[in-house]
Amino acid sequence: MFHKSELQEYAHKFPQDQMGYVPTQGDCWRQMKFDHAHQDPHEEGISEDEQARRIEYLDKVWWPQVLEQVAENRQQLEEAHGDSFIQHWERVVNKAPEEPHGFEVE
């Protein structure tokens, strides 16, 4: 995932969570802060069965649709702007995280 600000004027074309992060392949909705509205698996008072149903929906229906929308929007921008957008996308997506993850190699 990366922050929408990295896409500058194209940011509005991509789905993003409440913090402004755009998902990419390999990300998981559980790591992000999307508003799931009527499918919130952490809503108080729902049964375990309802929670499981919502999680299954988010995993198997909603999340693949979000990733597909990102891919489609990326492809449209690549077709419209060519190599310059492709190179920018690759820099943004493959950028090393600013904070280490605790596995420092010496």
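Assorted remarks:
- Whenever a residue of region 72-84 is of a type in the set (D, E), its partners that are part of a helix (DSSP H, G or I), lying with C-beta atoms within less than 6 angstrom and at least six residues away or across chains, give the pairs E78/F85; E78/I86.
- Tabulated pairs, region 16-30, first under 11 Å from V93 (Cα atoms) and at pLDDT 90 or above, second among the hydroxyl-bearing types (S, T, Y) and not in a strand (DSSP E or B), C-beta under 7 angstrom, 6+ apart or interchain: none
- Test: residue in region 13-20 that is of a type in the set (A, V, I, L, M) and part of a helix (DSSP H, G or I): no
The values are calculated or read from the model by the stated rules, or taken from the named source; none is laboratory data. Given the structure is predicted, the values throughout are model-derived calculations rather than measurements. When we count neighbours, we look across all protein chains shown, and the Cβ atoms used for this are built from the backbone with ideal geometry, even at glycine.
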